[in-house]
Each structure stands twice: as C-alpha cells, then as structure tokens.
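Peer 1: Sharing a structure with you now.
Please treat every number below as a calculation from the coordinates, not as lab data. As the structure is a prediction and not an experimental result, all values here were calculated from the model. Note that each Cβ is placed from the backbone with ideal geometry, even for glycine, and that neighbours are counted across all protein chains shown.
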Amino acid sequence: MTMVMGPQEDHTARARLESSDMPSSLARLRNPDRPHLFSVVFWVVLAGTAIAYTSHPGTPVQIVVFSADLTLVAVLWLLLPWRHATGWRRPVAVVFLLTTLTLGPAGSDEVHMLLTLIAIANVAFVHDMRAATVIIGCLSVVLFVLDVVMYDRGPMDALGQTVPFVVFSSFVLGMTSAVLEARRRRAEAQRLLARVRELTVAQERARMGAEMHDSIGHHLTVVKMSLENAERFRSRRPEAAWEEVRLAKETSVAALADARRWVRALRPLALEGRVSGAALERLAASFDGTGLVVRFEVEGEEVPLEPDVELVLYRVLQEALTNVVRHAGARHVRGRLVFGCERVVLVVADNGGGRRADARDGFGLRSLAERAHAVGGTLTAGDRPEGGFEVRAELPVRVEVTS
C-alpha cells in the first residue's frame, strides 16, 4: 500500500488550533448571525456621519461629545446580539438604538438616521417584530412633534419629514422579516435533515441486520446441523462424523470472517481518530486480511473537509471494498483520493469480472448515491473499459448551505 501526502497536513492542524484560540473580540467581528449587508451599511454610514460632521464642527465640547457618542456606537455594534438573547446582552439593543438617536442632537445633521434604522432592525432580531413596530410608531410621533414644536414647522412640513422615516423603517422591517423567516426555515430544514439522518441510520441498520441474518445466520445453522450429524454418526460412522466436524470448522471460519466484516462496517468514523486521507488509508489497510491486494493513494494537497463529506467518502470506500470482497472475484483493487480546489474525488477500481449482465445496483450503492447528492456531489458505478468495476464519488470540498 502506498500513501502520497501533501505538505498541507501539518499546516491544517495548526490552523485549526489557532482558530480555536481566536480572541472573542475577533469572533464577534465574524458573528455569523449578523447580516452581512447590515454590517457593510453600518460601517459606511458611520464613516459618512463622521465625515459630514467634520464639514461643520461645533465647539470643542461638542466635538468631544460627538466623538464619544460615535465611538460608543461603534463599540456597541460589536457587542450586539443578532438572535433572541437573554441576560445582559438583551438590553444592549435598546442602548444601541438610544445612542444612535443622540447623534442627532450631538450634531450629525440627520446623516445618522440610517444607523437608527439598523438599530430598529436589531431590536426586531433580538426582541420581536412587534417591539420594533411600536418603536417606529413612537419615533414617528416624536419626530413629528419635534418638527412642529422645536423647529417651528407647519404640520404638513413636519409630516413630509416624518413620512420618509416611516417608509424607510417599513422597508428595513420587511428585510428583517425576510431574514427571520429564512432563519426559521433553515432551522426547520436542519431539524428535518437530522430526522432524515436518523431514518437513514435506522434503514441502514435494518439492511445490515437482514444481511447478517442471511450470512452469519446461515453459517451458524450449517454448523449446528453438522455438529448434530457428527453426534449421531460418532459411533456407527466415525469417518462421516469427522467429515461433519471438518465442515462445521470450515463454516465457522466463514462465519467469523463475516462477523469481522460487519464489525468493520459498524465502526464509526469518529473512532478512527483521523480524518480524510488518513482515515481512508486506515480503512483500506483493514482489508489486507481478505485476500485483496489494496493500493490506496492521495493526490494533491489535502484540505480540511466538512464532516458530512468525510463520512460519505468513508462509507463509499467501505462499501466499494466490501462489494469487491463479496462479489467481484478480484485480486487487486486501487483507491485514489484526489483533492482539487473545489472538489474531492474518490475512485475505487478493481480487476474483477465486472457487473453481471442481470445485476442491479444494490441498496448500499443507491443509498450512498443519495447521500452524495445530499451534500452536493455525485456517485457513479459501472464496468471499466479495460475490465473490472469502478466506483467514483465527486464531492464538494465545502457544502453550500442556502437560507
């Protein structure tokens, strides 16, 4: 057996270790719950607010107050939760909203209102849509009253100033509602996926139970009958009795080989203690005692794979090698794991007699094809032009999850 490994393995392990020690502040900067578009708009508007203020700065005291307020807004942004929160982080959303509102009296000349809209959206994420709607209503009334009382505008002019705020706020709430609905559907899809995995495991166990009954059960039945015959023949026909004992011994060896094969099939990937190429190499090596000459190679620089992709690769190699032992009548089998930039390919080819004319894909290959499709890949199996049988799985390095 040969193994060709790239120099990426040690670097990958170090990168994973370093990411686990990432400072919490940097983790917040990469908060996956925060909508990316909101983050971009926030920093652009924050910079625009600061630039607009520099065009007509106030007194030194006003400059200090405005700078402190702007800095507080930036710090609170990093602390904001973007899901329904409990504990001390829940009031942060309200404090952030109030802080963006105070930018107006501090002299931002209404440029800060986009920050207030983002703060309202955050309230909807952290609390609920009803709370955000109530806040928009209250702010609309306050803006209208301030325009009439403090800025001495007429009711129609004040209404003209308030309506755009209401329109843009409704648009932001619409976007927020869409994001929340997408999150809900994604969570539901993940629950359904977990249920599908449970059913797949149950179906696989049922299949394996049936095959164990057919193979090991048959062997044990033959052993029992042979020993009973040997017991009957031990006095009258000693030669026949020893022949039955020999048959029972041979059958028990076959049953033991079957049992060992099923133990290999039931061993979880997580217990291998390795990932990707190393786990597949170890699995291939476990078939050395079956009479097969197994050669396994890894080509390209190995990259970290997602757990679902690793598991599909492991099961494909396991099923392919098991089928070679049971059906192919082959002496040699070659496995290749090829890493590309976006896809990883596993090919298992043997030099056996190929598929029989009346044969169909078994349950194992059909199930694996469905699992490969579920992670965005494909699995094909068929005869090779030069003879033998080949199983080929092409899977993405990264599984795309759409919400």
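Peer 1: Provide the packing ranking of 32-44, 95-107, i.e. peptides ordered by the mean count of other C-beta atoms within 10 Å per residue, highest first. Present the calculation step by step, with values, prior to reporting the outcome.
Peer 2: Working: 32-44: 13.8, 95-107: 18.5.
Highest-to-lowest ranking by the protection proxy: 95-107, 32-44.
Peer 1: Take the Cα coordinates of segment 25-191, assign each an equal point scatterer, and use the Debye formula without solvent to give log10 I(q)/I(0) at q = 0.13, 0.20 Å⁻¹.
Peer 2: So the normalised log intensities are -0.67, -1.41.
Peer 1: With a 10 Å Cβ neighbour count serving as the proxy for reagent exposure, in which order, fewest first, do Leu192, Leu368 appear? Walk me through the numbers on the way to the answer.
Peer 2: On the way: Leu192 10, Leu368 22.
So the ranking, lowest neighbour count to highest, is Leu192, Leu368.
Peer 1: Here's a follow-up. When Ile120, Ile63, Ile135 are ordered from fewest to most other Cβ atoms inside 10 Å of their Cβ, what list results?
Peer 2: Numbers: Ile120 23, Ile63 15, Ile135 19.
Ordered from fewest to most neighbouring Cβ atoms within 10 Å, Ile120, Ile63, Ile135 come out as Ile63, Ile135, Ile120.
Peer 1: Further question on the same structure: Around Asp147, with a cut-off of 10 angstrom between Cβ atoms, what is the net charge of the other residues, counting Lys and Arg +1 and Asp and Glu -1? Could you put the intermediate results ahead of the total?
Peer 2: Numbers: positive: Arg153; negative: Asp152, Asp157.
With Lys, Arg at +1 and Asp, Glu at -1, the net is -1.
Peer 1: Separate question: Using the Cα atoms of segment 127-222, I'd like the radius of gyration and the largest Cα-Cα distance, Dmax, both in angstrom.
Peer 2: According to the Cα coordinates of segment 127-222, Rg and Dmax are 30.5, 102 Å.
Peer 1: Which order results if Ser55, Ser252, Ser108 are arranged by neighbouring Cβ count within 10 Å, fewest first? Please report the intermediate quantities before stating the final value.
Peer 2: Details: Ser55 7, Ser252 16, Ser108 21.
So the residues, fewest neighbours to most, are Ser55, Ser252, Ser108.
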